[in-house]
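Chemist: Just dropping this structure here.
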Amino acid sequence: MTNPTNLLQNQSFPEQSQPTTNEETTHFGFKTVAKSEKQQMVANVFHSVAGKYDLMNDLLSFGIHRVWKRFTIDCSGVRKGHKVLDLAGGTGDFTAKFSRIVGETGEVILADINDSMLRVGREKLRNLGVVGNVNYVQANAEALPFPDNTFDCVIISFGLRNVTDKDKALRSMFRVLKPGGRLLVLEFSKPILDPLSKIYHFYSFNILPKIGEVVVNDGDSYRYLAESIRMHPEQDILKQMMNDAGFEQVSYYNLSAGIVALHRGYKF
């Protein structure tokens, strides 16, 4: 995978911290940390930004995230009576849409590892009148607390890059899907046009943290966001990871020239 520091030759970053034990390590943005530390570090980021998460999504994507999400719903195959897991569902944009699609005979579970995001999502959905067929579960994607073969569709949107062990999480998602069910992974990815890639990198590391500082008073969390995007597996690597987890007919769609990609895989 391309070294992110080679893409940002004029940028300088703090020296990467190193864990002090011999335990396994992972990435937290560009930093190398112990695996046992990452979950809490990510939690701190989302505790900080939860209250203005929706506002920042609109500001930082210029509202285009709504187009990405509509396309994802069109690719979901979800229909009346289905059971859907909105994993790392945050403030519940997908939950609200799927709740209307599955109807009274279906169910949507909004799951997130972060209790702050889950509280914001629950309040938002209840204010919108989304009740009855929606339930809320605080859950770790790596060890989902659901029986085998439970869901017709699992969706994880802008959450997989924050997971400590992505392979383990993908296997967990595969386990809880019903045969014939599908997984949708909507995530930031690698732009396929070189001029756009350069502009995007500049925006991510120079503009995005400044907006975070002004709006949320937390530039560091949005600097982590930019770094986590660079460290996330690019399109073909994630496709292979899904294959390795057991998914079949895995494909992906580049949205906004690869700034975001939608991966889809089936369990047969």
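The values are calculated or read from the model by the stated rules, or taken from the named source; none is laboratory data. This one's a predicted model, so the numbers in the text were calculated from it and none came from an experiment. Virtual Cβ from ideal backbone geometry, glycine too; neighbours counted across all protein chains shown. These area figures cover heavy atoms from the full protein model, side chains too; ligands, DNA and RNA do not enter into them. Shrake-Rupley method; radii C 1.70, N 1.55, O 1.52, S 1.80 Å.
Chemist: Hey, if you put +1 on the Cβ of every Lys and Arg and -1 on every Asp and Glu Cβ in the range 189-266, which of PRO233, VAL250, ILE211 ends up farthest toward the positive end of that dipole?
Modeler: Most positive-ward Cα: ILE211.
Chemist: Whole-Hz ³J(HN,Hα) for each residue in the range 147-163, computed from phi via Karplus 6.51 cos²θ - 1.76 cosθ + 1.60 with θ = phi - 60°, x for glycine and proline: what do you get?
Modeler: x, 4, 6, 9, 10, 7, 8, 10, 10, 10, 10, 6, x, 5, 5, 8, 6
Chemist: Turning to a different aspect of this structure: If the viscosity is 0.692 mPa s and the temperature 37 °C, what translational diffusion coefficient in µm²/s does Stokes-Einstein give for the range 94-148 when Rh comes from Kirkwood over Cα pairs?
Modeler: Translational diffusion coefficient: 279 µm²/s.
Chemist: Please report Rg (one decimal) and Dmax (integer) in Å for the Cα set of the range 168-236.
Modeler: So, for the range 168-236, Rg and Dmax equal 16.1, 47 Å respectively.
Chemist: Given a Förster distance of 30 angstrom, what is the FRET efficiency for ALA43 paired with LEU193, based on the Cβ-Cβ distance and rounded to 0.05?
Modeler: Calculated value: 0.30.
Chemist: So what is the relative contact order for the chain, in percent, with contacts set as C-alpha pairs under 8 Å and at least six apart?
Modeler: 18 percent
Chemist: Additional query: Can you tell which of SER189, VAL130, VAL49 lies farthest toward the positive end of the dipole of the chain, using +1 and -1 charges on the Cβ of basic and acidic side chains (Lys, Arg; Asp, Glu)?
Modeler: Farthest towards the positive end: VAL130.
Chemist: Please provide three numbers in whole Å: the alpha-carbon extents of the range 128-217 along the principal axes, with the largest listed first.
Modeler: For the range 128-217, the Cα spread along each principal axis is 44, 33, 23 Å.
Chemist: How large is the accessible surface per residue of the range 131-268, computed with a 1.4 Å probe and reported in Å² as a whole number?
Modeler: Ligands and nucleic acids excluded, the result is 41 Å² per residue.
Chemist: Rg and Dmax of the range 142-268, using alpha carbons, in Å: what are they?
Modeler: Rg, Dmax (Cα atoms, Å): 16.0, 48.
Chemist: What residues qualify as long-range amide H neighbours of ILE259, i.e. H under 5 Å apart, gap of 5 or more or another chain, H built at 1.01 Å from N?
Modeler: ILE192
Chemist: Not counting ligands, DNA or RNA, and with a 1.4 Å probe, what is ARG70's accessible surface area in Å² rounded to the nearest 10?
Modeler: ARG70 has an accessible surface of roughly 140 Å² with all protein chains in place.
Chemist: Once semi-axes √(5λ) of the Cα gyration tensor in Å is worked out from the coordinates, which option in (i) 40, 28, 16; (ii) 40, 21, 17; (iii) 29, 21, 19 does it equal?
Modeler: The value computed from this structure is option (iii).
Chemist: Relative contact order, percent, of the range 136-263 when contacts are C-alpha pairs under 8 Å separated by at least 6 residues?
Modeler: 28 percent
Chemist: When the dipole is taken about the Cα centre of the range 117-180, and only Lys, Arg (+1) and Asp, Glu (-1) are charged at their Cβ, what size is it in debye, to the nearest 20?
Modeler: 180 debye
Chemist: Placing unit charges on C-beta atoms (Lys and Arg positive, Asp and Glu negative, everything else neutral), compute the dipole magnitude of the range 133-241 about its Cα centre in debye, rounded to 20.
Modeler: 200 debye
Chemist: How big is the dipole moment of the chain about its Cα centre under a simple scheme where the beta carbon of each Lys and Arg is +1, that of each Asp and Glu is -1, and everything else is neutral? Debye, nearest 20, please.
Modeler: Rounded to the nearest 20 debye, it is 720 debye.
Chemist: At a 10 angstrom cut-off on C-beta neighbours, averaged per residue, how do the peptides 57-67, 153-163 rank from highest to lowest?
Modeler: Final packing ranking: 153-163, 57-67.
Chemist: Can you tell me the length gained on complete extension of the stretch ASP220 to LEU59, counting 0.36 nm per residue apart and subtracting the Cα distance?
Modeler: Gain on extension, ASP220 to LEU59, equals 56.3 nm.
Chemist: Return a whole-number percent for the relative contact order of the range 172-237, with Cα pairs under 8 Å and 6 or more residues apart as the contact set.
Modeler: Across the range 172-237, relative contact order equals 30 percent.
Chemist: Between LYS35 and PHE71, with labels modelled 7 Å along Cα→Cβ, what's the label distance in nm to one decimal, could you check?
Modeler: Modelled inter-label distance: 3.4 nm.
Chemist: Using only the Cα atoms of the range 151-197, what do you get for the radius of gyration and for Dmax, in Å?
Modeler: Final numbers for Rg and Dmax: 13.4, 42 Å.
Chemist: Report the calculated FRET efficiency for GLU248 and THR105 (r = Cβ-Cβ distance, R0 = 25 Å), to the nearest 0.05.
Modeler: With R0 = 25 Å, the Cβ-Cβ based efficiency is 0.35.
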